[in-house]
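*Asks:* Submitted below is the structure of interest, expressed as structure tokens.
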Amino acid sequence: MPDLNCGLDLIGEVLYGKWKMRLLWFINEGFQRPSELQRKIPGASRRVLNVQLKELEKHELVGKVIYPVVPPKVEYYLTDFGKSLVPIIGAIGQWGDQHEQRLRTLIEQNIPSSPLPYPDTLGPGSA
């Protein structure tokens, strides 16, 4: 069982995965079919996207409609719970845009932006 001591632990558990925030964002933008999502996120394999979509569905952030046609047609949608994350994801994206050059430089240099303020812990109150 993961260590779920606070809201950050909980959100990390639910959104852990390289593509989950993008999937939620693009589904909100109207890209609902798996093939559309694959085109919007070309760096991700179909298998990884399917796994992360299933996890988002399990955490009740997205729902899935399977239409009874041949070949089967699948569409994803955001639940009300998932929609509540859209402003937060938007704010994270805006922060990334505001700090784009600095972040790119740091990532390219593979240098952490700053040491942890609490060198022997993960932050205040951690054991």
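Each value in this text was obtained by applying a stated rule to the coordinates, not by laboratory testing. Predicted model only: the values in this text are computed from it and were never measured. Using ideal geometry, Cβ is built from the backbone for each residue, glycine included, and neighbour counts are taken over all protein chains shown.
*Asks:* Can you work out ³J(HN,Hα) from phi for every residue in segment 45-57, in order, using Karplus 6.51 cos²θ - 1.76 cosθ + 1.60 and θ = phi - 60°, giving whole Hz and x for Gly and Pro?
*Replies:* Whole-Hz 3J(HN,Hα) from phi for segment 45-57: 6, 4, 4, 5, 4, 4, 4, 6, 5, 5, 5, 4, 5.
*Asks:* How much mean residue ellipticity at 222 nm does the chain get from its helices, if each DSSP H run of length 4 or more adds -39500 (n - 2.57) and you divide by all residues, to the nearest 500 deg cm²/dmol? Don't jump to the answer; show the numbers that get you there.
*Replies:* On the way: 7 runs with 65 residues, N = 127.
Dividing the helical sum by the residues of the chain leaves -14500 deg cm²/dmol.
*Asks:* Another question, if that's okay. Going by alpha carbons, how many degrees (0 to 90, nearest 10) lie between the helix axis of 100-109 and the longest principal axis of the chain?
*Replies:* Taking the Cα atoms of the chain, the angle to 100-109 is about 70 degrees.
*Asks:* For the chain, what mean projected area does the convex hull of the alpha carbons give, in nm²?
*Replies:* Numbers: hull surface 41.3 nm².
Mean orientational projected area (the chain, Cα hull): 10.3 nm².
*Asks:* Next question. Grab the other residues whose beta carbon is less than 10 angstrom from that of THR79, score K and R as +1, D and E as -1, and report the net. Before the final figure, lay out the partial values.
*Replies:* On the way: positive: LYS83; negative: GLU57, GLU60, ASP80.
Taking every Cβ under 10 Å from that of THR79, the sum is -2.
*Asks:* If you keep only loop residues by DSSP, which GluC sites (Glu not before Pro) in segment 1-78 have at most 13 other Cβ atoms within 10 Å of their Cβ? Provide the component values of the computation, followed by the final result.
*Replies:* Numbers: sites: GLU13, GLU29, GLU36, GLU55, GLU57, GLU60, GLU75; in loops: GLU29, GLU60.
Within segment 1-78, the qualifying GluC sites (Glu not before Pro) (loop, at most 13 other Cβ atoms within 10 Å) are GLU29, GLU60.
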